[in-house]
Amino acid sequence: MSGRPTSGPHTKTADWLDWYEGPAKPRFVLPPGSVDAHCHVFGPGDRFAYAPERKYTPCDASAEQLFALRDHLGFERNVIVQATCHGADNRALVDALYKAGGMARGVATVRRDISDAQLQALHAAGVRGVRFNFVKRLVDFTPKDELMEIAGRVARLGWHVVIYFEARDLPELWDFFTALPTTVVVDHMGRPDVNLPIDGPQFELFMRFMREHDNIWSKVTCPERLSLTGPPALDAQPAPYRDVVPFARRVVETFPDRVLWGTDWPHPNLKQHMPDDGLLVDFIAHIATTAQLQRKLLVDNPMRLYWS
Ligand code: 0GY
């Protein structure tokens, strides 16, 4: 891995943390055919300008750098999720999908005015979902009727909807989410507060959300965002991000056929520390504790959702 990204024509957000160069080789050996089902590309900004409406300006993180990480960690495929810094301009995503030669799928951001021909072009590139973001620090509000209209159109293409929200907002968004007419994939377990009890009202609501709706899936991703304990020193024994482990493990064991995992490289908007992606892969063995659960999480589920 090399090539620390430059700022190009864009100045990075002042406290921006760049992705970690030279990640460790994971101790956990990924099953053959594993998919990194949540990651991003940023720019490069001098080729794919960041969107005027963006809330942050990242470092660059190119498709080539993503694929180098994929190979280093032992993944075979990627699902690249449109990052908010590119708004609804999916050109960097589409470019990365073509460069991947069939080994990546995409989740785009689209607006109501997208034409059927443009949706078809995204499909041909490998896009299989759209992302609806409700995290206020990342995006401005989009009316729910616009989102529902988009969901209806992409459902007809066999796509799913990825939703990103904070746990405290689930009650208010519940009716909208449960009315979506297709598969729904929740980012990062709905961002639970892992300081709260795992059997307390907040996480129980999320578990009920998944239990009562079998079209809802969850990414058991981003322990580095949710953790208050953080990673251990490199050679220490405790699980990385150990306070997140029981939450993710419960979701994996309760809904083994509706979970996905990804690195979230290049880890936008982290303020405390930048994870070593090798250590993040080691987290998987603590949340999916049998070979069967690991295969479902890393291979069978993402292949079913993105490549069938
Ligand atoms: C993530 C999380 C974040 C950012 C984005 O598209 C984005 O800008 O997804 C975040 O800041 O929590 O999944 O990458």
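Based on alpha-carbon atoms only, what is the radius of gyration of segment 38-80 relative to the globular estimate 2.2 N^0.38 Å? All intermediate terms of the calculation are to be shown ahead of the outcome.
Details: Rg = 11.9 Å, N = 43, 2.2 N^0.38 = 9.2 Å.
Scaled against compact globular proteins, the figure is 1.29.
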Checklist entry - Using alpha-carbon positions, what is the distance between the centroids of segment 230-299 and segment 96-149, in Å? => result 26
Item to check | Distant-in-sequence amide H partners of residue 38 (H built 1.01 Å from N, under 5 Å) | outcome: 79, 262, 263, 264
Checklist outcome for this item: Taking every C-alpha to C-alpha distance in segment 81-128 and binning by 10 Å from 0, the per-bin percentages run 29, 58, 13
Checklist entry - Whole number please: convex hull volume per residue of the Cα set in segment 84-207, in Å³? => result 120
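Using just the helices of the chain, give the 222 nm mean residue ellipticity in deg cm²/dmol: DSSP H runs with n ≥ 4 each add -39,500 (n - 2.57), and the total is spread over all residues, rounded to 500.
Details: 11 runs with 98 residues, N = 308.
After summing the helix terms and dividing by the residues of the chain, the value is -9000 deg cm²/dmol.
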Checklist outcome for this item: Here the equivalent ellipsoid of segment 14-120, derived from its Cα gyration tensor, has semi-axes (largest first, whole Å) of 25, 19, 10
Checklist outcome for this item: Highest mean packing first, using Cβ neighbours within 10 angstrom, the peptides 163-174, 239-250, 281-292 sort as 239-250, 281-292, 163-174
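So what's the chain giving for Cα Rg divided by 2.2 N^0.38 Å, two decimals?
The chain yields a ratio of 0.93.
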Checklist entry - When DSSP beta bridges are limited to those with both residues in the chain, what percentage is antiparallel, rounded to the nearest 5? => result 5
Next on the checklist: Exceeding 25 Å between C-alpha atoms, which entries from my cross-link table qualify? They are 55/144; 99/136; 219/271; 136/271; 99/296.
Outcome noted: 99/136; 99/296
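Quickly rank 135-141, 58-64, 268-274 as a protection proxy: mean count of other C-beta atoms within 10 Å, highest first.
Values: 135-141: 12.3, 58-64: 22.0, 268-274: 14.6.
Ranked by mean Cβ neighbours within 10 Å, highest first: 58-64, 268-274, 135-141.
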Checklist entry - Can you work out ³J(HN,Hα) from phi for every residue in segment 224-229, in order, using Karplus 6.51 cos²θ - 1.76 cosθ + 1.60 and θ = phi - 60°, giving whole Hz and x for Gly and Pro? => result 5, 7, 8, 6, 9, 8
Checklist entry - With labels modelled as points extended 7 Å from the Cα through the Cβ direction, what inter-label distance (nm, one decimal) is found for residue 121 paired with residue 21? => result 3.6
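Throughout, read-outs are computed from the coordinates displayed, never taken from laboratory work. Just so we're clear, the structure is a prediction, and the values are computed from it rather than from any experiment. We place every Cβ from the backbone using ideal geometry, glycine too, and count neighbours over all the protein chains shown.
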